[in-house]
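Worksheet: one structure, shown below.
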Amino acid sequence: MNKLLLCAALAGMISAGAANAQSDSHAGKEKCFGIAKAGKNDCKAADASHSCAGQSTSDNGKSDWKYVDQGSCAKSGGSLKAG
C-alpha cells in the first residue's frame, strides 16, 4: 500500500512540475493576432477555422496568432484582439 501511495504522490509532483514549466514558458509573452505566417501559428484560430498550431493556411490571418514579447505586438503590425 505504501508503494502505491508513493507512486501516486510522485506522479502528482511530476504533473505539477510540468504544468508550472509550461506556464513559465509564456511568461512575459502575449498573443498577437494577424502576424502569423501560413503554417506558423501558435495554436487554434480564434474563429475555430482550425484547431491546432501550424494549421493556418494564409499569412497574417486576423484570427491566427503567435506569442510575442509583451509590448511588441503593435510594433509588429498585429493586434491583441482577434479581427
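Only the coordinates and a few stated rules stand behind these numbers; no lab work does. What you see is a predicted model; the values in this text were computed from it and never measured. When we count neighbours, we look across all protein chains shown, and the Cβ atoms used for this are built from the backbone with ideal geometry, even at glycine.
Taking the criterion of being more than 11 Å from E30 (Cα to Cα) and either touching an Asp or Glu at 6+ places or on another chain (Cβ under 6 Å) or exposed (fewer than 12 other Cβ atoms within 10 Å of the Cβ) (or both), the only residue of the stretch 59-73 that qualifies is S63.
Residues of the stretch 31-67 that are closer than 16 Å to G83 by Cβ and in a strand (DSSP E or B): K31, C32, F33, W65, K66.
If I filter the stretch 31-45 down to residues being touching a Leu at 6+ places or on another chain (Cβ under 8 Å) and buried (at least 21 other Cβ atoms within 10 Å of the Cβ), which single residue comes out as farthest from S58 (Cα to Cα)? Result: C32.
Whenever a residue of the stretch 47-61 is closer than 15 Å to I35 by Cβ, it has no partner that is among the aliphatic types (A, V, I, L, M) and exposed (fewer than 13 other Cβ atoms within 10 Å of the Cβ) lying with C-beta atoms less than 9 angstrom away and at least six residues away or across chains.
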